[in-house]
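Take a look at the structure below.
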Amino acid sequence: MGLMDKANNAVDEAAGKAKETVGKLTDNERLEAEGKAEQTKANAKQTGEDVKDVVKG
């Protein structure tokens, strides 16, 4: 299941980056902030997956 989680995290990060970009292009600060928040959340999840991998071994 770890591989699927990592793939989902990558998708979430890409979606966040897209939102951030659209927010910048349309001068929509709220959308830009949402995109940044989604990227941060995805990166935190990915860090958790990386820690699991290290612990497993």
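Every read-out reported here was derived from the displayed coordinates using simple, explicitly stated rules and does not represent laboratory data. A quick note: this is a predicted structure, and the numbers were derived from the prediction, not measured. Using ideal geometry, Cβ is built from the backbone for each residue, glycine included, and neighbour counts are taken over all protein chains shown.
Only Lys, Arg, Asp and Glu count, each charged at its Cβ (+1, +1, -1, -1), so figure out the dipole size of the chain about its Cα centre, rounded to 20 debye.
About 120 debye.
Using +1 at the Cβ of each Lys and Arg and -1 at the Cβ of each Asp and Glu in the chain, identify which of 3, 37, 18 lies farthest towards the dipole's positive end.
It is 3.
Give the relative contact order (percent, whole number) for the chain; include only Cα pairs under 8 Å separated by 6+ residues.
This gives 37 percent for the chain.
Sum up the charges of everything whose Cβ sits under 11 Å from the Cβ of residue 24, counting Lys and Arg as +1 and Asp and Glu as -1, but leave residue 24 out.
-1
Where does helix 29-56 land angle-wise versus the long Cα axis of the chain, in degrees 0 to 90, nearest 10?
With rounding to tens, the tilt is 10 degrees.
Tell me the Rg and the Dmax, in Å, that the Cα atoms of the chain produce.
Just the Cα atoms of the chain yield Rg and Dmax of 13.4, 45 Å.
Any chance you could give the angle, 0 to 90 degrees and rounded to 10, that helix 2-25 forms with the longest Cα principal axis of the chain?
With rounding to tens, the tilt is 10 degrees.
Note the count of lysine pairs whose C-alpha atoms are less than 18 angstrom apart in the stretch 2-51, limited to pairs 8 or more residues apart or on different chains.
Total qualifying Lys-Lys pairs in the stretch 2-51 comes to 10.
Add -39500 (n - 2.57) for each DSSP H run of 4 or more in the chain, then divide by its residues: what number comes out at 222 nm, to the nearest 500 deg cm²/dmol?
Result for the chain, helices only: -32500 deg cm²/dmol.
Under a GNM of the chain (C-alpha, springs under 10 Å), which listed residue has the highest mean-square fluctuation: 38, 20, 29?
29
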